[in-house]
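A short reminder: the numbers here are calculations on the coordinates, not readings from a lab. Just so it is clear, the structure is predicted and the values come from calculations on it, not from any experiment. Here the Cβ positions follow ideal geometry from the backbone for every residue, glycine too, while neighbour counts run over all protein chains shown.
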Amino acid sequence: MIGQKGIPAHSGGVERSVEELATRLVRMGHEVFVYCRAPYTPRSRRTYRGVHLIHLPSIRTKHLDAITHTFFATIDVLFRDANIVHYHGIGPSLLLWVVRLLKPRTPVIATFQCQDYFHQKWGVVARACLKWGEFIACTIAHRTIVVSQLLEQYVKSVYQRRATYIPNGATVLPRSALSSVRHLGLRSGGYILVVSRLVRHKGIHTLIDAMKTIRTEQKLVIVGTSAFTDTYVRELRRRAAGDPRIVFLGERKGPQLHSLYAHASFVMQPSQAEGMSLVLLEALGHGKVVLASDIPEHREVLRGHGFFFRNRSVADCAAKLKFLFAHPELIPEKRTILRAYARKTYDWDVIVARTLELYRECAPRGVETMEAPSGVRARLQTT
């Protein structure tokens, strides 16, 4: 696995999907290697839940961190006996042609997670590189995975190539596994939650501005950190200044993050651009109602199981927030429905089984002896 920051995942949709995929493949009997960057994954950690971790350096700047790490990983994998090399994201895919050229018998898979060049943090040169990475992922990789049906249609239209639709998954946890949030100064049902990297295209500023126009005792809890976007983080804190209801919790992970989801009144997702939002899937897995911007990617995931506000509109966001605050009875009614929908549509075991089928098609001698458990195969046949 190449392109992710590392595992275990602290933040980021790519990292979470790689963790779920890698650890489940290990449980099925495969040997999996994941390339990691410092300090995301400490160098002292050599394995994680059976997954081998390979630590390589990078130049830790906004524009060079990902691509330099991918370069070193690409060179390193040339000297490894791999049945499959899997690149995650269009940025890292910029270099997958090297493996295709110098290791021609090794199948190379690319996962197209998002059209990152639409994100406002990138300049002209970076956007051109990401666009070129998309071209390589969609034309030079042996097979291309897309995480949404919108991207599947896009690849077919632009590149005249059939991509394989395999979405990300939702983790459905029992409520008994969750702890209290009182130690964070929060009460169950007393806050709305947004989980995001603090970058401009995630639309957190729209949500803060909307919240400040509303009279409510509910808090807005923002979980996430900068991604080489310290200027934007300072802007968010200035916008929130003077309103004690707006709480920045920084990075949270593992059981604590799951508890924050579970005890939230509902979850917000104000992104202006997305691929397939892991936040939406995590919210569904916890049975949480979501208020999201009305971009097509959000509508595809929720399929009528959420509420929407007009993208980038502070006024419409505020109006929808007021509606949900005024009608709390709508929220418990959907909890069971949402969890059932998450289990049926975004089951991680089924998603990993689909990925394994794709691997087997590309490298039958390397993975032919491994199959998904019989229960998962049965669910796979019904989806």
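Once you list every other residue whose beta carbon is under 14 Å from the beta carbon of Glu300, what net charge do they have if Lys and Arg are +1 and Asp and Glu are -1? Walk me through the intermediate numbers first.
On the way: positive: Arg299, Arg303; negative: Glu152, Glu274, Asp294, Glu297.
Result for the neighbourhood of Glu300: -2.
Compare the peptides 199-209, 247-257, 31-41 by average per-residue count of other Cβ atoms within 10 angstrom and give them in order, highest first.
Values: 199-209: 21.6, 247-257: 14.7, 31-41: 19.1.
Listed from highest to lowest mean packing, they are 199-209, 31-41, 247-257.
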Quiz item: Which stretch or stretches of the stretch 94-119 have amide N atoms under 14 Å from the point lying 7 Å from Arg127's Cα along the Cα→Cβ direction?
Solution: 115-119
Quiz prompt | Listed residues Thr355, Ser271, Gly89: farthest to the positive end of the dipole of the chain (Cβ charges) | solution = Ser271
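Count charges around Ala163 for me, please; just the other residues with Cβ under 10 Å from its Cβ, Lys/Arg as +1, Asp/Glu as -1. Don't skip to the answer; put the middle values down first.
Values: positive: Arg143, Lys156, Arg161, Arg162; negative: Glu152.
Around Ala163, the surrounding residues sum to +3.
Before anything else, pin down the relative contact order of the stretch 175-344: Cα pairs under 8 Å, at least 6 apart, normalised by residue count, whole percent. Please list the in-between numbers first.
Numbers: 287 pairs, mean separation 41.5, N = 170.
With pairs under 8 Å counted, the relative contact order is 24 percent.
With +1 on each Lys and Arg Cβ and -1 on each Asp and Glu Cβ, and nothing else charged, work out how big the dipole of the stretch 36-89 is about its Cα centre, in Debye to the nearest 20.
Numbers: 8 positive and 3 negative charges, 58 e Å.
Using only the charged Cβ atoms, the result is roughly 280 debye.
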Practice problem: Compute the signed sum of charges (Lys and Arg +1, Asp and Glu -1) over the other residues within less than 13 Å, Cβ to Cβ, of Cys36. | Solution: +1
Self-check item: Cα-Cα over 32 Å, subset of Lys5/Lys320; Lys253/Lys322; Lys5/Lys344; Lys62/Lys322; Lys103/Lys253
Solution: Lys5/Lys320; Lys62/Lys322; Lys103/Lys253
Practice problem: Return the tail of the calculated pair distribution for the stretch 8-120, meaning the percent of Cα-Cα pairs more than 17 Å apart. | Solution: 57 percent
Quiz item: Dipole magnitude of the chain about its Cα centre, charges +1 at Lys/Arg Cβ and -1 at Asp/Glu Cβ only, in debye to the nearest 20?
Solution: 540 debye
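Which peptide among 101-111, 349-359 comes first, and what is the full order, when sorted by highest mean count of other Cβ atoms within 10 Å?
Working: 101-111: 18.5, 349-359: 20.8.
Highest-to-lowest ranking by the protection proxy: 349-359, 101-111.
For the stretch 175-344, what is the charge dipole size about the Cα centre, in debye to the nearest 20, if Lys and Arg each add +1 at the Cβ and Asp and Glu each add -1 at the Cβ? Walk me through the intermediate numbers first.
Working: 28 positive and 14 negative charges, 54 e Å.
Rounded to the nearest 20 debye, it is 260 debye.
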Exercise. Averaging sequence separations of C-alpha pairs under 8 Å and six or more residues apart, then dividing by the length of the stretch 1-105, give the relative contact order as a whole percent.
Key: 29 percent
Self-check item: Cα Rg, Dmax, the chain, angstrom units
Solution: 20.6, 63
Exercise. For the stretch 298-312, take each phi angle, set θ = phi - 60°, evaluate the Karplus expression 6.51 cos²θ - 1.76 cosθ + 1.60, and give the result in whole Hz per residue in order, putting x for glycine and proline.
Key: 6, 5, 5, 5, 7, 6, x, 9, x, 10, 9, 10, 5, 3, 6
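What's the extension gain from Lys212 to Arg335 if we count 0.36 nm per residue and subtract their Cα-Cα distance?
Numbers: separation 123, 0.36 × 123 = 44.28 nm, distance 2.76 nm.
Between Lys212 and Arg335, full extension yields 41.5 nm more.
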Practice problem: Just tell me which aspartates and glutamates come within less than 16 Å, Cα to Cα, of Lys121; anything on the same chain fewer than 8 places away is out. | Solution: Asp65, Asp230, Glu235, Glu274
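Could you tell me the calculated FRET efficiency between Phe325 and His305, based on Cβ-Cβ distance and R0 = 22 angstrom, to the nearest 0.05? Write down the numbers at each step before the final one.
Working: r = 20 Å, r/R0 = 0.90.
E between Phe325 and His305, to the nearest 0.05, is 0.65.
For the chain, what's the relative contact order in percent, using C-alpha pairs closer than 8 Å and at least 6 residues apart?
On the way: 713 pairs, mean separation 56.6, N = 383.
Value for the chain: 15 percent.
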Practice problem: Go through the stretch 253-261 residue by residue and turn each phi into a ³J(HN,Hα) via Karplus (6.51, -1.76, 1.60, θ = phi - 60°); whole Hz please, and just put x for glycine and proline. | Solution: 8, x, x, 5, 5, 4, 5, 4, 4
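Quick one, can you get me the convex hull of the C-alpha atoms of the stretch 175-344 expressed as volume per residue in Å³?
On the way: hull volume 18.7 nm³, N = 170.
Measuring per residue, one finds 110 Å³ for the Cα hull of the stretch 175-344.
Helix-derived [θ] at 222 nm for the chain: sum -39500 (n - 2.57) over DSSP H runs of at least 4, divide by residue count, nearest 500?
Working: 15 runs with 163 residues, N = 383.
-13000 deg cm²/dmol, from helical runs alone.
Starting with the highest mean, order 276-284, 308-316 by the number of other Cβ atoms within 10 Å, averaged over the residues of each peptide.
Values: 276-284: 26.0, 308-316: 16.6.
Descending packing order for the listed peptides: 276-284, 308-316.
Using a 10 Å cut-off around each Cβ, can you sort Glu217, Glu274, Glu20 from fewest to most neighbouring Cβ atoms?
Details: Glu217 9, Glu274 29, Glu20 21.
Fewest-to-most ranking of Glu217, Glu274, Glu20: Glu217, Glu20, Glu274.
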